[in-house]
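Accompanying notes for the structure given below.
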């Protein structure tokens, strides 16, 4: 549990120190989920360079861009780490594809969410097993759904704390960090891809478009895959229960 004073200390600390404060409290039970996006590359840089006790993992849906796979290799080599990769269950994928079709996610929001559940959410549940702290690269600017997220929240669905150390960072702050520290990033970002997910579900955006408009552009949903759409409480609210 975290007190209000501890949360304030975390909020007011520099990035590396904030992560250290949280991770060293649960050194064997703190994990970081990276999608290899720019935000996540910032966090990987900080965690690796400071040798923080955080297990880093990623989800391979089987339909990622080749540039993403290449970045995974470059990141492991650059920081001399081994990002753990979780895959969807083969039987789930086979049943979905054989029943509904390889690209059936274009046909309805329900199909798309089912595909995301099979390829992302279920592997995430396995990856988070035994963890008490889940570090994410979420920023409040990314979408309206993330605007009110706190730096430290209780995730009811996964029964752990979700730690969002970049939640108050601006897009330009993130870019400045990447440039200053020469952090490796996906070259698709230079081609207008702001939020990069599965190749069939991601496109570049035009100037002025919402950052999430490039994800599942053919639908008018809330532009979430289910990884971060579960109900959460602030850490202080959870402590009151």
- prompt: Mind checking which residues of the range 88-105 are under 14 Å from residue 201 (Cα atoms) and surrounded by 14 or more Cβ atoms within 10 Å (Cβ to Cβ)?
  reply: 104, 105
- prompt: What is the number of the single condition among (1) exposed (fewer than 14 other Cβ atoms within 10 Å of the Cβ); (2) within 18 Å of the chain's Cα centre (by Cα); (3) within 25 Å of residue 1 (Cβ to Cβ) that residue 27 does not meet?
  reply: (2)
message: Condition first: free of Cβ contacts under 8 Å to residues at least 12 places away in the same chain and either part of a loop (DSSP other than H, G, I, E, B) or closer than 19 Å to residue 84 by Cβ (or both). Can you find one or more residues in the range 38-49 that meet it?
response: no
query: What number of residues in the range 182-199 are surrounded by 15 or more Cβ atoms within 10 Å (Cβ to Cβ) and touching a residue at least 24 places away in the same chain (Cβ under 8 Å)?
result: 11
query: Just wondering, is there one or more residues in the range 2-12 that are touching a strand residue (DSSP E or B) at 6+ places or on another chain (Cβ under 9 Å), within 22 Å of residue 154 (Cβ to Cβ), modelled with pLDDT under 95 and not in a helix (DSSP H, G or I)?
result: yes
field: The one condition in (1) at pLDDT below 95; (2) closer than 18 Å to residue 19 by Cα; (3) surrounded by 16 or more Cβ atoms within 10 Å (Cβ to Cβ) that residue 168 fails to fulfil
entry: (3)
- prompt: Looking at the range 72-87, which of its residues are on the phi < 0 side of the Ramachandran plot, surrounded by fewer than 22 Cβ atoms within 10 Å (Cβ to Cβ) and not in a strand (DSSP E or B)?
  reply: 72, 73, 74, 76, 77, 78, 79, 81, 82, 83, 87
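The values are calculated or read from the model by the stated rules, or taken from the named source; none is laboratory data. From a predicted model like this one, the values you see are computed outputs, not experimental measurements. Please note: Cβ atoms are built from the backbone with ideal geometry, for glycine as well, and neighbour counts cover all protein chains shown.
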